[in-house]
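In what follows, a structure is listed as structure tokens, so that the remarks can point back to it.
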Amino acid sequence: MRVPFPGRRRPALGAWIRWTAGFLAFPIAGLAGRAAAGPVDDAMSALVGGVVTGAVIGAAQALVSSGRLSPPRWSAATAAGSGVGLVLGATLVGYRTDLGSLALMGAVEGVLLGVAQASALPRAARIRWPWAAAMPVLWAAGWTVTTLAGVGVDARFTVFGATGALTFSALSGVLLHALLPATTPGRTTGPDSLREVDA
């Protein structure tokens, strides 16, 4: 019999705070992508930079996911989706960095990223499509917020800056909790299942 856990909201809030704090990985990932490939101004730099950036972001997200995401699977999926998505998005907009172009680039990248990450969600997330559907919107929002904040997007980084990352992380954290509620201390019922307090 499942017993109500009085602190259930606290683990959920703590998990959301940890996930949101993961926005700090985005600037680091952007610097790593730029170091690996330079500015995003051709297909090769977009692919290499996107893969490196995605790998760093994915690893960090898995680390702050409160055990809900598999680090190898999530990092690999994020790297693949980010790399291919950035190539398609940046090529589509001709590597332009105005607000509209970056928002469109982000939406296109978000489509590939969302599909890749949704496939890497654990079995406990029986509904995956909301994550895939949200990523184009949230990735475009990240670029939009970063551009409106006056960040130097003309440098053609592989990912949006800290302001956009904070917005993205806060909103995606709510969605992650809806699909994979925060775990609570107790018995683990299976390799990919959520923990619950039983009696």
Roughly how much of Arg156 is accessible, in Å² to the nearest 10, using a 1.4 Å probe? 90 Å²
Amide H to amide H under 5 Å from Gly38: which residues, 5+ apart in sequence or cross-chain, H placed 1.01 Å off N in plane? none
If you build a Gaussian network model of the chain, linking Cα atoms that sit under 10 Å apart, which residue out of Gly150, Gly81, Gly114 swings the most? Gly150
With all pairs of different alpha carbon atoms counted, what Kirkwood hydrodynamic radius in Å does the range 104-145 show? 10.2 Å
What is the percent carbon and sulfur in the accessible area of the range 96-172, measuring with a 1.4 Å probe over the protein chains and ignoring ligands? 71 percent
In sequence order, what are the phi-derived ³J(HN,Hα) couplings for the range 34-42 according to the Karplus relation 6.51 cos²θ - 1.76 cosθ + 1.60 with θ = phi - 60°, rounded to whole Hz, with x for glycine and proline? 5, 5, 7, 9, x, x, 7, 9, 7
Give me the one-decimal nm value for the distance between modelled label points at Ala21 and Ala170, 7 Å along each residue's Cα-to-Cβ direction. 1.7 nm
At 222 nm, what helix-only mean residue ellipticity would the chain give, in deg cm²/dmol to the nearest 500, using -39500 (n - 2.57) for each DSSP H run of four or more? -22000 deg cm²/dmol
The chain, Gaussian network, Cα under 10 Å: of Ala59, Ala15, Ala35, the residue fluctuating most is Ala35
Rounded to whole Å², per residue accessible area for the range 76-181 with a 1.4 Å probe reads 39 Å²
For the range 15-31, in residue order, the Karplus 3J(HN,Hα) values (coefficients 6.51, -1.76, 1.60; θ = phi - 60°; whole Hz; Gly and Pro = x) are 5, 5, 5, 5, 4, 5, 5, x, 4, 5, 6, 5, x, 5, 5, x, 5
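The values are calculated or read from the model by the stated rules, or taken from the named source; none is laboratory data. Computed from a predicted structure; not experimentally measured. Neighbour counts run over all protein chains shown; Cβ positions are idealised from the backbone, glycine included. The area values use the complete protein model at the heavy-atom level, side chains included, leaving out ligands, DNA and RNA. Shrake-Rupley method; radii C 1.70, N 1.55, O 1.52, S 1.80 Å.
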